[in-house]
Amino acid sequence: MAEHGKVAAMILFALLLAAPPQADPAADASRCIRAVAPASGTIGTLENRCTERLVVFMCVTGPPLRARETYFDCAKGQVGSYDVKAAGSAPAIFAGARRVHLFACRFPQFLPRDVRYHHGRGLKGVCR
């Protein structure tokens, strides 16, 4: 009986080691990033309103037909990534699209995983 207990404990320990780390809700910094449209043209700005460096992912739905190939089109699985310094900004092509979808992680403390566009739910991922 004691032998079964040891085996069970070893199996449980191995499963805990093999389990993927849980996402930290505090790592998701999507609320920190804001897309600011330009006065003219297609290149806007992704502004970081927080005090940590972020890795930001962006795609758009409904890009203008005349310049569709220059946009990261969510419907085609295209997602762009940007390194945005604390309280800084980065240029991005999104102006004129119907909607901009953003996802961000505090970086380098956390790394983004499985960032994908989900129709009707937007751009989703996990920060670990």
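Annotations
- Remark on ALA92: its backbone amide H falls under 5 Å from those of GLY44, THR45, LEU46, a criterion applied only to residues 5 or more positions apart or on other chains, H modelled at 1.01 Å from N.
- Shape of segment 22-127, Cα gyration tensor, a/c cut at 1.5: oblate
- Potential lengthening of the chain between ILE43 and LEU111 amounts to 21.8 nm, from the contour at 0.36 nm per residue minus the alpha-carbon distance.
- Once the Cβ-Cβ distance of ARG128 and ALA75 is raised to the sixth power relative to R0 = 30 Å, the FRET efficiency obtained is 0.65.
- Summarising the amide proton neighbourhood of PHE72: residues at separation of 5 or more, or on other chains, whose placed amide H is nearer than 5 Å comprise VAL60.
- With the simple model of a label 7 Å out from the Cα in the direction of the Cβ, ALA87 to ARG66 spans 3.9 nm.
- Computed over segment 22-127: relative contact order in percent, which uses C-alpha pairs under 8 Å that are six or more apart: 33 percent
- Averaging Cα coordinates gives a centre for segment 43-59 and one for segment 88-128; these two points are 9 Å apart.
Read-outs: derived from the displayed coordinates by stated rules, not from any lab. Computed from a predicted model, the values in this text were never measured in an experiment. Every residue, glycine among them, receives a Cβ derived from its backbone with ideal geometry; neighbour counts consider all protein chains shown.
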